[in-house]
Each structure stands twice: as C-alpha cells, then as structure tokens.
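Below: the structure, in structure tokens.
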Amino acid sequence: MLRNRTAIYAGSFDILTFGHLHMISRGAQLFDKLYVALGTNPDKKYLFSEEERFEMLKACCTGEEIPDSGGRDGQLFYEDEAEKIEPVIMGNRYLVDFADDDDIRAHWYLRGIRSHEDYAFEKTMAEVNTDLLPGNYAWPVWIPAEPKFSTVSSSLVRGLIGPKGWEWAIHKFVPPPVWEKLVERFEGSDPFLADRIANGEDE
C-alpha cells in the first residue's frame, strides 16, 4: 500500500535551536507535508510556556526574511520549504497517537540522530511505538545530524546562559526570534546594538 507523504517532527523546543531548524528543513525536502508538533509534559519544568514556545516556533517556520541578531535580513527556510511546514500543538500525547488524528494522518515521523546513544534510544522507542498502536503505526525516519549540529542542543544553550558575554556565545546556536526572547527573558544586553546604530539602524 502506498503511504501518504505526510510526516511529523515533534519536540518540546525549549530552547528551539538551529539544529532543530536543520531537521525541519530536511523534513520539508523529503515530504509533501511536515507537521512540526510542539509537545508539553506537565511534569517537566520549561523555560518558556507552551504559548511562548509555539509563538517562537511559528515565527521561525517561515520563508519570510527575518533580521538576524546583527540586523541583517535573511531567510531561515526557502519559500518552497516553508509552504510544506505547519506548526501544531501536540500537548501531552504520545507521538504515534497524535499522528493517527483525523486532521493529521501522518505515516512517518522524523528524528535526528547525533550519536550511537541517540540511535539506541530511538530504536527502543520505535519498538515501543509498534506496541502502542499496532496497525496505525507511524514509521520513523532517522536522519544523521550534520557535524556542525552534532553537539547543538537545548540543554547546551541553557547551560551557556548567565556568565558575562552569554548573549554573544549563544547567538550562533539559536534563530533570531529565539535569541531576542532569551535576551529579553534573562535581561541580557545586545552586543550588536552599537553596530546597528553605527549603520543608521535602531536610532
């Protein structure tokens, strides 16, 4: 039976990184439709609320030009990629259960593999998923992370916040809307402001 070409890429996205966006881009290239599903576990503590995380996710999943932290315009996704991407809220649900919703009907889910440990974990989860909803199973598509993203994670970014110069340290790991939100939340300074003023911006 020919399966549809709809997939899900799910995560808590707390904090959304360029590593996540890389996987979303790969998913948009592979599938006709990619739901980027924001999950929330009520027993876990997050830096940002579900609403805040979803707003940042939507702000990043666009083909429109977005000013980067230095004030330069750039695209996070090509327009043909962005047209296939739809952020959705999954809440506190099993991924394969959410994939079976009438409004979703995704037969694939996307996962990034950064290490042997990631592969072992995802293999175990795939086996568990076959037992959760036998007959309505969304199949995994595992994509190795590019070397430049192999160490990028939400926990890495969280660990960098705080010491002097953290604003500069994290800007290469997170997209501009997320960077701006982190600077606002943790009352950081903008190391690029002086350059923008010198170029006649933000006056």
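Restricted to strands (runs of 3 or more DSSP E) entirely inside segment 29-101, those with at least 2 residues that are in contact with a Ser or Thr (Cβ under 9 Å, 6 or more places away or on another chain) are 33-39, 85-91. Each residue in segment 146-188 was checked for being of a type in the set (S, T, N, Q) and either open to solvent by less than 40 Å² (accessible area, probe 1.4 Å) or not in a loop (DSSP other than H, G, I, E, B) (or both), and 3 pass.
Tallying residues that are crowded, with 19+ Cβ neighbours inside 10 Å, within 21 Å of Glu55 (Cβ to Cβ) and either of a type in the set (S, T, N, Q) or in contact with a helix residue (DSSP H, G or I) (Cβ under 6 Å, 6 or more places away or on another chain) (or both) within segment 79-111 yields 5. The set of residues from segment 31-52 being exposed (fewer than 14 other Cβ atoms within 10 Å of the Cβ) and in contact (Cβ under 8 Å) with a residue 12 or more places away in the chain comprises Asp32, Asn41, Pro42, Lys44. The residues listed here are Glu83, Glu65, Glu79; of these, the one that is free of Cβ contacts under 8 Å to residues at least 12 places away in the same chain and either closer than 20 Å to Leu110 by Cα or not basic (Lys, Arg) (or both) is Glu65.
Annotation note: Cβ proximity below 7 Å between a residue of segment 111-131 that is touching a residue at least 12 places away in the same chain (Cβ under 8 Å) and a residue that is of a type in the set (A, V, I, L, M, F, W, C) and open to solvent by 80 Å² or more (accessible area, probe 1.4 Å) (sequence gap 6+ or interchain) occurs for Arg111/Trp142; Ile113/Trp142; Glu122/Trp142. Restricting segment 63-73 to residues that are open to solvent by less than 60 Å² (accessible area, probe 1.4 Å) and within 18 Å of the chain's Cα centre (by Cα) leaves a set whose member that is modelled with the highest pLDDT is Gly63.
The values are calculated or read from the model by the stated rules, or taken from the named source; none is laboratory data. Computed from a predicted structure; not experimentally measured. Cβ coordinates were reconstructed from backbone atoms using ideal geometry, including for glycine residues, and neighbour counts include every protein chain displayed. The protein model used for the area step is the full one, side chains on, heavy atoms only, and it has no ligands, DNA or RNA in it. Shrake-Rupley method; radii C 1.70, N 1.55, O 1.52, S 1.80 Å.
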